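Beneath this line is the structure, given in structure tokens, with notes to follow.
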Amino acid sequence: MIGAVLFSATAFLAFILPDHPDAIGVGAFLRLPLEWPVIALLVLVTSGWLRRVIILLSAFLIFLVLFLKIADIGVQSAFQRQFNPYLDLKMLADGWNLISGTIGTPTAVAALGGGIILVLLVATVFLKSLRWMAEARGHLRHFLLGAFAAIFAIGGPVLLLGKPQVEFGTPTYLSARLGLVVRSVADMQVFEQELAKGRGPRDGNDLFQAMKGKDVILIFVESYGRSAVEDPKYAGVTSSRLSAVETQIEAAGLHAASGWVTSPTVGGLSWLAHGTLLSGLWVDSQARYDRLMISQQPSFNRLFSQAGWHTVAVMPAITMDWPEAEYFGYDQILSASGLEYRGKPFNWVTMPDQYTLSAFDRLTVKPAHARGENVMAEIALISSHAPWTPVPRLIDWNEVGDGSAFNDQATSGDPPSVVWANPDRVRSQYIQTIDYSLATLGDFMARQGPGTVYIILGDHQPASIITGPGASRAVPIHIVTDDARLLTRFQVDGFTASMTPTNATREWPMNELRQLLIDALSGR
């Protein structure tokens with residue numbers, strides 16, 4: 001009898017477990033999975049090799065379903081989509097870096113180990129209990145046959161009536177996952193065709209003439225999404241900051257136009273957003289990104305380099321080799337080591353945004369101007385990256401130095417394990433880091449003054465713990481410059497003449513933004 005009890009418990013856990021974190025609740029487990037009596041009856045009415053095959057296949061089914069559902073819960077929590085075996089198995093290392101950097105390595109090891117142990121334990125208990133139940137004899141065997149037959153006889157008609165209390169969802173669940181993989185393979189074939197046709201200009205020799213004599217700085221602000229501007233939990237902080245930045249830059253002779261852009265990713269994988277904007281192609285998976293990196297589609301940066309600008313990538317999060325840089329075609333790369341930061345890291349965040357911008361000005365802008373060159377830069381600001389602790393603070397720009405002035409800030413505040421124990425605390429510190437990044441940008445632009453065009457946008461929305469379920473995938477974009485004619489071009493294309501985009505402002509797909517920028521910056 002104990003075999004039947006353990007079999008029932010593990011079967012219920014596997015077949016009823018929701019595949020989305022928002023669906024986990026008491027109600028989700030008040031259902032009858034019809035797979036439970038079906039497997040039991042198949043084992044009880046068969047014998048010999050056929051029974052052994054059914055037991056092994058059932059154990060594998062339990063393992064597969066549990067693995068996929070736990071993977072779904074993790075990927076939905078981070079990226080608000082299903083786990084895709086075809087695309088996501090390549091990204092295990094990146095996922096580990098994200099999770100361990102957010103909640104700490106010990107906690108991440110415990111969570112990962114716990115998940116693996118749970119799946120293996122359930123599958124093992126299921127296998128052994130099914131074997132024990134199959135060996136039942138006499139009255140116990142007759143009782144089990146009668147009980148499971150009765151459950152099936154009652155549940156089957158209820159299922160046919162479409163009642164939600166009974167389900168037989170595993171075949172549909174697995175076939176849908178197989179369909180997802182098939183569609184992903186087909187999607188790569190479509191992407192190959194898009195690469196073959198190309199998108200936009202093939203070289204930059206005749207482009208960007210309207211920008212001669214100006215620097216062009218493209219800045220991605222980590223996790224700066226539409227929710228930071230419009231969600232009532234954050235709007236008060238962000239609205240005040242954007243208004244303050246607007247006042248600050250206008251005093252320096254700069255003005256802004258703002259809009260919305262749809263990102264190809266959410267919760268992470270910032271490089272997909274970078275690849276999408278810079279290539280003009282929709283790059284919403286690692287497979288597409290990897291294929292783009294070996295293509296001949298010219299990047300936005302490369303077009304500027306061909307047009308005569310000194311192009312630079314400022315990437316404070318890059319701490320290892322970066323072979324993808326060859327595709328983008330930068331003249332100069334300032335990775336974490338190249339930025340010469342000598343201060344302490346802010347947990348996962350290697351350096352605060354203020355230092356990144358200060359080092360960029362010192363290591364690239366001033367030397368380029370001394371050579372008579374203008375700069376086109378792509379900058380990733382990462383202070384607003386999870387785990388959002390500690391929150392940096394602006395200091396006097398003249399005291400930034402080699403970054404050691406930030407050491408006290410870097411070791412202040414609670415560790416991620418403490419912050420992430422309270423969701424409200426996580427949300428509070430998230431918006432504080434966004435506020436810091438925007439304040440830093442406002443200060444930097446006002447100090448630099450006229451002569452530069454800034455393109456500032458978020459890379460993606462943060463995870464659902466910040467936005468809630470079903471949030472928009474849009475991010476804000478701000479064009480800041482002293483060139484009134486340039487701002488007029490963006491306003492004609494639906495941008496708002498302000499640092500704050502309105503609800504009615506047009507939302508551009510990020511891949512279409514590249515051509516919009518090329519046209520506007522070329523004076524078309």
**Candidates Arg514, Arg447, Arg489, Arg506 - the one that is more than 23 Å from Thr356 (Cβ to Cβ) and surrounded by fewer than 17 Cβ atoms within 10 Å (Cβ to Cβ)** = Arg506
**Prompt:** Just wondering, is there one or more residues in region 225-248 that are buried (at least 16 other Cβ atoms within 10 Å of the Cβ), touching a residue at least 24 places away in the same chain (Cβ under 8 Å), under 19 Å from Glu378 (Cβ atoms) and in contact with a helix residue (DSSP H, G or I) (Cβ under 7 Å, 6 or more places away or on another chain)?
**Reply:** no
**Message:** Name the residue that is surrounded by the fewest Cβ atoms within 10 Å (Cβ to Cβ), counting only residues in region 372-399 that are more than 19 Å from Leu441 (Cβ to Cβ) and in contact (Cβ under 8 Å) with a residue 12 or more places away in the chain.
**Reply:** Glu373
**Message:** For the structure I just gave you, tell me whether Trp260 is touching a residue at least 60 places away in the same chain (Cβ under 8 Å) and either within 14 Å of the chain's Cα centre (by Cα) or within 20 Å of Pro509 (Cβ to Cβ) (or both).
**Reply:** yes
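Residue by residue, here is whether (1) of a type in the set (A, V, I, L, M); (2) open to solvent by less than 10 Å² (accessible area, probe 1.4 Å); (3) in contact (Cβ under 8 Å) with a residue 12 or more places away in the chain holds:
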| site | (1), (2), (3) |
| --- | --- |
| Pro298 | no, yes, yes |
| Asn301 | no, yes, yes |
| Asp321 | no, no, no |
| Asp331 | no, no, yes |
| Ala336 | yes, no, yes |
**Request:** Scan region 10-35 and report the pairs whose first residue is closer than 25 Å to Phe148 by Cβ and of a type in the set (A, V, I, L, M) and whose second residue is assigned to a strand (DSSP E or B) and at pLDDT below 70, with Cβ atoms within less than 8 Å and a gap of 6+ or a chain change.
**Result:** Leu32/Val166; Leu32/Glu167; Leu34/Val166; Leu34/Glu167
**Message:** Against the definition (at pLDDT below 70 and among the β-branched types (Val, Ile, Thr)), how does Val26 come out, yes or no?
**Reply:** yes
**Asked** Hey, among the residues in region 250-286 that are of a type in the set (Val, Ile, Thr) and outside any helix (DSSP H, G or I), which one's surrounded by the fewest Cβ atoms within 10 Å (Cβ to Cβ)?
**Response** Thr262
**Prompt:** Only one of these conditions is not met by Ile294: (1) open to solvent by 30 Å² or more (accessible area, probe 1.4 Å); (2) over 30 Å from Gln193 (Cβ atoms); (3) aliphatic (A, V, I, L, M); (4) in contact with a helix residue (DSSP H, G or I) (Cβ under 8 Å, 6 or more places away or on another chain). Which number is it?
**Reply:** (2)
**Message:** The conditions are (1) aliphatic (A, V, I, L, M); (2) over 25 Å from the mean Cα position of the chain (by Cα); (3) within 30 Å of Gly198 (Cβ to Cβ), and Leu363 fails exactly one of them. Which is it?
**Reply:** (3)
**Prompt:** Of the residues that make up region 89-106, is at least one open to solvent by less than 20 Å² (accessible area, probe 1.4 Å), modelled with pLDDT of 65 or more and either in a helix (DSSP H, G or I) or of a type in the set (A, V, I, L, M) (or both)?
**Reply:** no
**Request:** Considering only region 392-417, state which residues are under 23 Å from the mean Cα position of the chain (by Cα) and over 17 Å from Phe360 (Cβ atoms).
**Result:** Pro415, Pro416, Ser417
**Request:** Please enumerate the residues belonging to region 338-360 that are among the acidic types (Asp, Glu) and either in a loop (DSSP other than H, G, I, E, B) or open to solvent by 20 Å² or more (accessible area, probe 1.4 Å) (or both).
**Result:** Glu340
**Message:** Looking at the structure I just gave you, is Arg183 assigned to a helix (DSSP H, G or I), under 29 Å from Lys69 (Cα atoms), open to solvent by less than 40 Å² (accessible area, probe 1.4 Å) and modelled with pLDDT under 85?
**Reply:** no
**Filtered residues of region 34-52 (kept if under 15 Å from Trp132 (Cα atoms), of a type in the set (A, V, I, L, M, F, W, C) and open to solvent by 40 Å² or more (accessible area, probe 1.4 Å))** = Leu42, Val45
**Item:** Test: Ile518 is part of a helix (DSSP H, G or I), closer than 29 Å to Leu292 by Cβ, out of contact with any His (no Cβ under 7 Å at 6 or more places or on another chain) and modelled with pLDDT of 90 or more
**Value:** yes
**Complete:** For region 403-418, pairs from a residue that is at pLDDT below 90 to a residue that is assigned to a helix (DSSP H, G or I) and not acidic (Asp, Glu), with Cβ under 7 Å and 6 or more apart or across chains, are Pro416/Thr102; Pro416/Ile103; Ser417/Ile103; Ser417/Thr107
**Asked** From Thr238, Thr247, which residue is of a type in the set (S, T, N, Q), under 24 Å from the mean Cα position of the chain (by Cα) and not in a loop (DSSP other than H, G, I, E, B)?
**Response** Thr238
**In region 320-337, the residues that are in a loop (DSSP other than H, G, I, E, B) and over 17 Å from Glu222 (Cβ atoms)** = Met320, Asp321, Trp322, Pro323, Glu324, Gly329, Tyr330, Asp331, Ser337
**Prompt:** Of Pro469, Pro476, Pro501, which residue is open to solvent by less than 10 Å² (accessible area, probe 1.4 Å) and within 21 Å of the chain's Cα centre (by Cα)?
**Reply:** Pro476
**Asked** Within region 303-319, restricting attention to residues that are of a type in the set (Ser, Thr, Tyr) and outside any loop (DSSP other than H, G, I, E, B), which residue is least open to solvent (accessible area, probe 1.4 Å)?
**Response** Thr311
**Prompt:** Of these, Leu174, Leu195, Leu207, Leu218, which one is modelled with pLDDT of 80 or more, part of a loop (DSSP other than H, G, I, E, B) and either of a type in the set (S, T, N, Q) or open to solvent by less than 50 Å² (accessible area, probe 1.4 Å) (or both)?
**Reply:** Leu207
**Item:** Which numbered condition Thr319 misses (of (1) more than 21 Å from the chain's Cα centre (by Cα); (2) modelled with pLDDT under 90)
**Value:** (1)
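The values are calculated or read from the model by the stated rules, or taken from the named source; none is laboratory data. Small disclaimer: the values here were computed from a predicted structure and weren't measured. With ideal geometry, Cβ positions are generated from the backbone for all residues, glycine too; neighbour counts draw on all protein chains shown. Note: areas computed on protein heavy atoms with side chains; ligands, DNA, RNA excluded. Shrake-Rupley method; radii C 1.70, N 1.55, O 1.52, S 1.80 Å.
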